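Following: one structure in structure tokens, then a few remarks.
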Amino acid sequence: MGGGWWVWYRLVGRYYVTTEDAYVHGDRIPIACQCAGTVVLYNVADTETVRRGAVLLRLNDTRARLALSATDAGLEEAVQSRPGVVCAGPPGRGGLEGGVEPGAPG
């Protein structure tokens, strides 16, 4: 009987490791959001490895889009009220990239 255990241990058993209080060393990096919001999509599972730059979650952006629209509207109004200022940018988005036209006062 003892010989059978010895053969099993030498061939198989010595490769099994068991413990009741094991700790796994791993890099844990805290993350922080630049703005507050409601999470609408969560792209990772618990203990999943993630790569730098990966999108971990998505926030509800309704309030941010409304604020952007209000800011764009305010910029358009400011540009229209001041002659010589050019509003240039992607369609549907304001932007004071052009500055003042040459020869314009101001």
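Every number in this text was worked out from the coordinates using simple rules, so none of it is lab data. These numbers come from a predicted model, not from an experiment. When we count neighbours, we look across all protein chains shown, and the Cβ atoms used for this are built from the backbone with ideal geometry, even at glycine.
Taking a Cβ cut-off of under 15 Å around residue 33, the surrounding Lys, Arg, Asp and Glu residues balance to a net charge of +1, with basic ones at +1 and acidic ones at -1. Restricting the stretch 39-78 to GluC sites (Glu not before Pro) that sit in a DSSP loop and have at most 15 other Cβ atoms within 10 Å of their own Cβ leaves 48. Distance between the pseudo-spin-label points of residue 27 and residue 7 (7 Å out from Cα toward the beta carbon): 4.8 nm. With K and R counted +1 and D and E -1, the other residues having a Cβ less than 13 Å from that of residue 47 yield a net charge of -2.
When each of the peptides 20-29, 53-62, 6-15 is scored by the mean number of other C-beta atoms lying within 10 Å of its residues, the order from highest to lowest reads 53-62, 6-15, 20-29.
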